[in-house]
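So the structure is just underneath, and the comments pick up after that.
The values are calculated or read from the model by the stated rules, or taken from the named source; none is laboratory data. For clarity, every value in this text was computed on a predicted model and none was experimentally measured. So basically every Cβ, Gly included, is an ideal-geometry build from the backbone, and we count neighbours across all protein chains shown.
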Amino acid sequence: MKPPRLFRHPIAVLLLGGYGLLIACGDGDKPADVPTTPPLTGAEAPQPTPAGGDTPAYRTSAECGRCHTEIYAEWKQSYHGRAMSDPLFRELSAEVNKEECIRCHAPVNLRDSGWDTPVARSELRDEAISCLSCHQNGGNVSGPHGGMEDAPCRPVQDPDQIDVVKMCFVCHNQHDTGNEWLRGPYSHEAGEPRERDIRTCLDCHMPEVERPLVQGGKVRKGRRHTWFGGHSMKQLKKAADVDVQIEALPAGGHRFRVFVTNKGAGHAIPTDARHRSFDTYLLLRDAQGKTILDPTDPQQQDRAHLAKFRKFYRGSGKKDTQIPPLARVATLGEGKGYLDVPEATSGTGEAWLVYRLTPRDVLNKASLKAGDEDDIGRLWRARVVVRVEFRFGP
Ligand code: HEC
Ligand code: HEC
Ligand code: HEC
Ligand code: HEC
Ligand code: HEC
């Protein structure tokens, strides 16, 4: 675990202190249907436990959600809220019977383990990564604002709450995502001259929003608890761009090379989990419009597949081919990144960048029909994230 460096730098503190103003962030990303409930009246509101000791006023996220309705709805839909019910997690953890899996998917409060290796909760495991996992501070809850000490949940201010090296690294550095960000162009540690303004994990995954924290409360600057990632088409589209280089071959036909640029992720893509991948594919039509290479045809799919970008499973013997921030590449060793097609003299084509949550997500006509709606609950399909059309030949 790296030492929490973010707040040791006076400059970082200054910059972070001002990031709300300095950095264009917060695009208002919002899950589709955040329910609004009427303000709570006395009797409906949960009663806090008396102050004192290490017992917080409320224990479950649903209790927090009775007052913090919007944040609760966002969290509930997010993959932090789903970390124990996610079907893929249930399958790979033998229906949650592997004890070693629980510590990051349903941890006790992270401050208690000193922002180091999380510890598994022994109870309330369905709560997954709960409000208290991130907010409990003894008998209090921590927040970024301060000055709300009279509120029933007993909030206290704690700068650690916005220190991403503490908040996010404990779980998201097992595949190096945290370090990729620290080494990359968006961190406070990037060399001068900077290629990009500082953007932390929170800037890109918890977009800024102005709203009351509780029904009927004062409007404040806060952040959405959405954490959109690989399940969100909108977030994936921010990550990558595609461009195509076309060369006529001396013996006839053309060479098609497809480049991918990591234009918007603060770390390498695909991010984090080893089962994710980005793949490039080529579709070609002749001058009459007849398809001559079709990535959804099982017989042609291997030929139409140009490159794979992925952090492969340990022990696979394969080299890591994730794309670093801002890099533009056609291949990093898995696939040639181009295809020579002698029969392609003139016509049109498309380059596809396809995202897979798992290696078994198949690319076929049904998965394409699913379209590019931002449906974060839909699993098990390969999705086209970027599609670039082009023309070739005379
Ligand atoms: C060190 C913390 C940690 C431990 C321990 C851990 N995980 Fe995870 N897990 C994560 C993080 C962080 C993610 C999110 C990564 C991502 O989104 O790419 C994740 C995501 C997953 C996913 C992806 C879910 C999806 O929808 O695609 C699966 C499946 C998973 N973990 C299974 C397991 C299993 C099985 C174990 C036990 C063998 C385990 N995890 C132990 C931190 C952990
Ligand atoms: C009975 C209503 C109620 C419940 C239940 C409740 N809170 Fe609060 N919470 C408030 C109020 C009121 C504020 C202050 C809002 C304001 O002044 O804008 C607040 C503020 C906060 C803050 C902001 C603190 C800061 O300084 O930035 C956090 C964080 C917080 N609550 C977390 C939680 C968590 C976690 C739970 C569940 C364990 C919870 N709350 C349960 C009413 C509640
Ligand atoms: C206690 C461990 C833990 C902490 C702390 C944590 N995460 Fe996660 N995160 C996870 C796990 C586990 C998953 C995957 C859950 C699943 O899919 O089953 C995940 C998923 C995600 C995703 C992907 C959602 C998707 O679409 O698959 C993003 C983005 C994310 N986290 C960002 C963050 C950020 C930013 C922070 C810091 C504020 C953070 N996380 C803190 C464990 C953690
Ligand atoms: C993965 C960690 C994580 C989880 C889980 C989490 N929060 Fe937060 N929360 C944060 C961070 C980080 C901030 C600080 C954001 C900022 O800079 O404003 C925050 C801020 C807040 C605030 C202050 C207002 C704001 O928007 O910044 C409230 C209130 C709050 N959270 C309530 C909750 C509640 C209620 C839940 C559960 C439904 C919850 N949080 C779950 C990490 C988390
Ligand atoms: C400049 C914006 C930006 C910053 C900064 C950033 N991310 Fe991301 N992140 C993205 C984009 C875009 C994606 C979607 C691409 C993908 O999933 O590969 C993403 C995806 C993810 C995922 C999804 C993985 C999955 O399997 O679904 C996780 C987890 C994640 N980021 C964690 C973090 C953490 C932790 C930090 C801080 C150390 C961070 N991100 C900083 C933009 C950013």
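Listed here are the residues, each with its yes/no results for (1) in the same structural domain as L368 (by TED's automatic domain parsing); (2) within 17 Å of the chain's Cα centre (by Cα); (3) basic (K, R); (4) within 30 Å of Q299 (Cα to Cα).
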site	(1), (2), (3), (4)
R196	no, no, yes, no
E208	no, yes, no, no
A248	yes, no, no, yes
G253	yes, no, no, yes
H267	yes, yes, no, no
A273	yes, yes, no, yes
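Answer with yes or no whether Y313 is among the aromatic types (F, W, Y), under 26 Å from T177 (Cβ atoms), without any contact (Cβ under 8 Å) to a residue 40 or more places away in the chain and out of contact with any His (no Cβ under 6 Å at 6 or more places or on another chain). Here the answer is yes, as Y313 does meet what is asked. Scanning the range 97-110 for residues that are assigned to a loop (DSSP other than H, G, I, E, B) and within 11 Å of ligand 3 (Cβ to nearest atom) yields A106, V108, N109, L110.
Only strands (runs of 3 or more DSSP E) whose full extent lies in the range 212-299 are considered here, and the ones with at least 2 residues that are touching a residue at least 60 places away in the same chain (Cβ under 8 Å) and touching an Asp or Glu at 6+ places or on another chain (Cβ under 9 Å) are 219-223, 254-262, 277-286.
Applying the criterion of being aliphatic (A, V, I, L, M) and free of Cβ contacts under 8 Å to residues at least 60 places away in the same chain to the residues of the range 163-201, the residue that is nearest to ligand 2 (Cβ to nearest atom) is M167.
Every residue, every condition in (1) β-branched (V, I, T); (2) farther than 22 Å from W181 by Cα; (3) buried (at least 21 other Cβ atoms within 10 Å of the Cβ), yes or no:
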residue: H267; (1), (2), (3): no, no, yes
residue: Q299; (1), (2), (3): no, yes, no
residue: A327; (1), (2), (3): no, no, no
residue: V354; (1), (2), (3): yes, yes, yes
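Annotation for the range 130-153: at least one member residue is away from ligand 3 (no atom under 13 Å from the Cβ), in contact (Cβ under 8 Å) with a residue 40 or more places away in the chain, touching a strand residue (DSSP E or B) at 6+ places or on another chain (Cβ under 9 Å) and of a type in the set (S, T, N, Q).
For the range 62-88, filtered to residues that are near ligand 1 (Cβ under 10 Å from one of its atoms) and buried (at least 17 other Cβ atoms within 10 Å of the Cβ), the residue that is farthest from Q47 (Cα to Cα) is D86.
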